[in-house]
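Please treat every number below as a calculation from the coordinates, not as lab data. Quick caveat, the model's predicted, so the values are computed rather than measured. We place every Cβ from the backbone using ideal geometry, glycine too, and count neighbours over all the protein chains shown.
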Amino acid sequence: MRAARCTAYGPPEGLEVVTLDDPEPGPGEVLVDVHAAAVNFPDVLLVAGRYQVPAPPPFTPGSEFAGVVAALGPGVAGPAVGTPVAGAVLTGAFAEKAVVPVEGLRAVPDGLDMVHAAAFHVTYATAYHALVTVGAGTAGEWVTVLGAAGGVGSAAVDVGSRLGMRVVAAASGEERLKVARVLGAEAGVDYVREDLKTRVRELTGEGAHLAVDPVGGDHAEAALRGLRRGGRFVTVGYADGRVPRIPLNLVLLKDAVVRGFEIRMLRRYAPEAVAAGDEALARLVRDGMRPLVSRVHPLGEVAAALSDVAGRRTTGKVVIEMGA
Ligand SMILES: NC(=O)c1ccc[n+]([C@@H]2O[C@H](COP(=O)([O-])OP(=O)(O)OC[C@H]3O[C@@H](n4cnc5c(N)ncnc54)[C@H](OP(=O)(O)O)[C@@H]3O)[C@@H](O)[C@H]2O)c1
């Protein structure tokens, strides 16, 4: 099979596409013919050796896929060979075949093709739980979404507006804000040129009820300052590269709630919330929701695809299609 390979930590340009033996599923594992794999920001961090969970080289990056079950390992009763599946792993998805633990598989939501199924779960589940499960967002509330044209951000704009929340999209530049407006944002703030706190307060009156932050850096404190009294701030990720250090007196003065969200923790500690989220997202997909896939690349262009994500040059999701 063909597979991307990281042989030493570094920038995405160091990735190679090589031919490897097909992997064999062990006990509790399933072999999947990968049709499509989405790029997520953590893939860039893993290849650089900067992710919180390390993967020692050599390894095949790729953490989210959709495909078809090709073989079952010893002791695995199903899903049957030929079943369409999607899933998330730490590594291994930028390849024509991947071995995954059976509990890491999920059904492909009705209505999603392989490219959109690969691009769906990580960002949409993150967006849903940050907004609803952790953020307690409800219809009619103002929500500031940072990085609103990126993977998690665009999903948060999409889900939040479909659930009736009034989204203020924050992103770098008008072109990126346009993307968020198409997904349902009511207003946009270019946080490179405008003061985020001031604009959010102007747009919302007293300030936003909720902020969802997959970016971090200086924008995090500005978004917290743009909350109303009693507002909620959910920290999701640090695409900026800098983990914000927020003065706690801001939290005190605003009577604010700051919470973290991490999807693996939720899967481990709150499976019932995960199931409720999957159901809610499946309903939204039935109503026509689709992840924004802005580019599809063949496997041979995997380095360029990751480089574009690292360089902030993409909107929504970038997908590697194996047969392309
Ligand atoms: N907690 C969880 O469970 C969870 C789940 C999924 C992802 N995450 C994390 O969430 C973060 C975002 O992931 P994603 O998939 O949405 O990434 P993405 O598609 O690359 O989007 C990140 C956005 O951040 C903004 N940004 C600001 N400064 C940046 C910089 N220096 N470099 C790159 N982007 C920058 C960019 O928008 P502008 O140019 O418009 O500012 C970009 O669109 C990552 O840190 C990821 O690890 C966390």
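The label-point distance for THR83 and ASN249, in a model that sets each label 7 Å from Cα toward Cβ, rounds to 5.8 nm. Which of rounded, prolate, oblate describes the range 122-265, given a ≥ b ≥ c as roots of the alpha-carbon gyration tensor eigenvalues and a/c under 1.5 marking rounded, otherwise prolate only if a/b is larger than b/c? It comes out rounded by the Cα gyration axes. Exposure proxy for GLU301, GLU13: other Cβ atoms within 10 Å of each Cβ, ordered fewest to most, give GLU13, GLU301. Per-residue 3J(HN,Hα) values for the range 78-85, derived from phi via the Karplus relation 6.51 cos²θ - 1.76 cosθ + 1.60 with θ = phi - 60°, read x, x, 5, 3, x, 6, x, 9 Hz in sequence order (x marks Gly and Pro). Using the Cα centre of the chain as origin and beta-carbon charges of +1 (Lys, Arg) and -1 (Asp, Glu), tell me which of MET322, ALA155, THR138 is placed farthest towards the positive end of the dipole. Result: THR138, furthest along the dipole toward the positive end. Residues whose amide H lies under 5 Å from that of VAL293, counting only those 5 or more places away or on a different chain, are LYS317; hydrogens are built 1.01 Å from N in the peptide plane.
Any idea what angle helix 271-286 forms with the longest principal axis of the chain, computed on alpha-carbon atoms, 0 to 90 degrees, nearest 10? Helix 271-286 and the main axis of the chain meet at about 90 degrees. In terms of overall dimensions, the C-alpha atoms belonging to the chain reach 59, 38, 33 Å along their principal axes, ordered largest to smallest. With θ taken as phi - 60° and the Karplus curve 6.51 cos²θ - 1.76 cosθ + 1.60 applied, the whole-hertz 3J(HN,Hα) list for the range 93-107 is 8, 7, 7, 6, 9, 9, 9, 9, x, 4, 6, x, 8, 9, 6 Hz, x standing for glycine and proline. Inter-label distance, ALA276 to GLU175: 4.1 nm, where each label sits 7 Å from its Cα along the C-beta direction. Listed by Cβ neighbour count within 10 Å, with the fewest neighbours leading, ILE320, ILE263 appear as ILE263, ILE320.
Can you compute the FRET efficiency between GLU206 and ARG259 using 1/(1 + (r/R0)^6), with r the Cβ-Cβ distance and R0 = 22 Å? Round to the nearest 0.05. Walk me through the numbers on the way to the answer.
Working: r = 21 Å, r/R0 = 0.94.
Efficiency at R0 = 22 Å is approximately 0.60.
Each residue of the range 307-324 is assigned a 3J(HN,Hα), and the resulting list reads 5, 5, 5, 4, x, 6, 9, 10, 10, x, 10, 10, 10, 9, 9, 5, x, 6 Hz, derived from the Karplus form 6.51 cos²θ - 1.76 cosθ + 1.60 (θ = phi - 60°), x at Gly and Pro.
Please count, across the chain, the pairs of lysine residues with Cα atoms under 29 Å apart that sit 8 or more places apart or on different chains.
Values: LYS97/LYS317; LYS178/LYS197; LYS178/LYS317; LYS197/LYS254; LYS197/LYS317.
Lysine pairs, 8 or more places apart or on different chains, close enough: 5.
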